[in-house]
Amino acid sequence: MNHLTKLALPIGLGLVAAFLNYKTVSARIQPQYFVRVSEDLKAGESFSGDNLTKVSLQGERSDLSKTFVPWKERAVLYQRPVPRNLQAGDIVFWRDATAPTLKLSAEPGELEFHVAFRDLQAVPKDIRAGQQVSFRVGTDTTKLRGDARTNYVANATTDQKIGPFRVLEVGGFDVSGEEDAARSNGYIKVAVKWDDERMERLSQAMETHSVERVLGVFLDG
């Protein structure tokens with residue numbers, strides 16, 4: 001009996017080792033499905049259900065899932081701007097899902113227009129480069145006095161939605177801080193045609209001495 005008891009431990013350890021080895025080998029052999037693009041995409045375009053397809057990869061599930069977006073989690077990509085040029089068949093990395101530092105360039109004939117989020121009444125929570133936005137421009141009533149302020153409040157007709165404009169960059173966020181703090185430190189850059197007549201009012205709204213100001217930013221489409 002003692003002899004059998006002594007053999008039980010190494011036999012048991014051997015079985016456990018064999019089982020773990022089997023699980024490891026099986027995990028490597030079994031295909032895991034991840035996301036790849038089905039067509040060429042340029043930086044700034046959006047991921048969607050129509051331009052994504054699945055690809056089978058073999059390897060350690062945990063290792064692959066840290067680098068590539070699993071097919072079952074592809075929804076995190078929908079409506080996200082593409083951060084880099086991709087060719088059909090390219091596998092999508094997790095870093096493509098967040099695109100936190102995506103910056104686009106103005107095209108010939110365009111100017112970069114910078115707007116700080118500080119003091120704005122409305123800012124989208126999930127605004128990204130490549131999207132289309134409009135600005136709400138109106139009168140800052142805090143800069144009006146006496147009858148002028150009363151008359152404006154009673155007959156406010158000057159607020160105007162100006163846009164849409166293509167977003168080139170969103171930045172300045174303190175990712176470790178609270179949402180309000182992050183918003184106050186943020187900014188947006190959009191592309192505006194140099195001969196766009198709306199540029200004059202946007203520029204005027206950014207001047208500190210003007211009663212005009214940008215009241216908010218809104219996503220289009």
ask   = For the stretch 31-97, what D do you get in µm² per second when you plug the Kirkwood radius from alpha-carbon pairs into Stokes-Einstein at 25 °C and 0.890 mPa s?
value = 210 µm²/s
ask   = If you keep only loop residues by DSSP, which chymotrypsin sites (Phe, Trp or Tyr not before Pro) in the stretch 40-108 have at most 16 other Cβ atoms within 10 Å of their Cβ?
value = Tyr78, Trp94
ask   = Between their Cα atoms, which of Lys66/Lys125; Lys42/Lys72; Lys42/Lys66; Lys125/Lys161; Lys103/Lys161; Lys42/Lys103 are more than 22 Å away from each other?
value = Lys66/Lys125; Lys42/Lys72; Lys42/Lys66; Lys103/Lys161
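Values in this text are rule-based calculations from the coordinates and carry no lab data. What you see is a predicted model; the values in this text were computed from it and never measured. Using ideal geometry, Cβ is built from the backbone for each residue, glycine included, and neighbour counts are taken over all protein chains shown.
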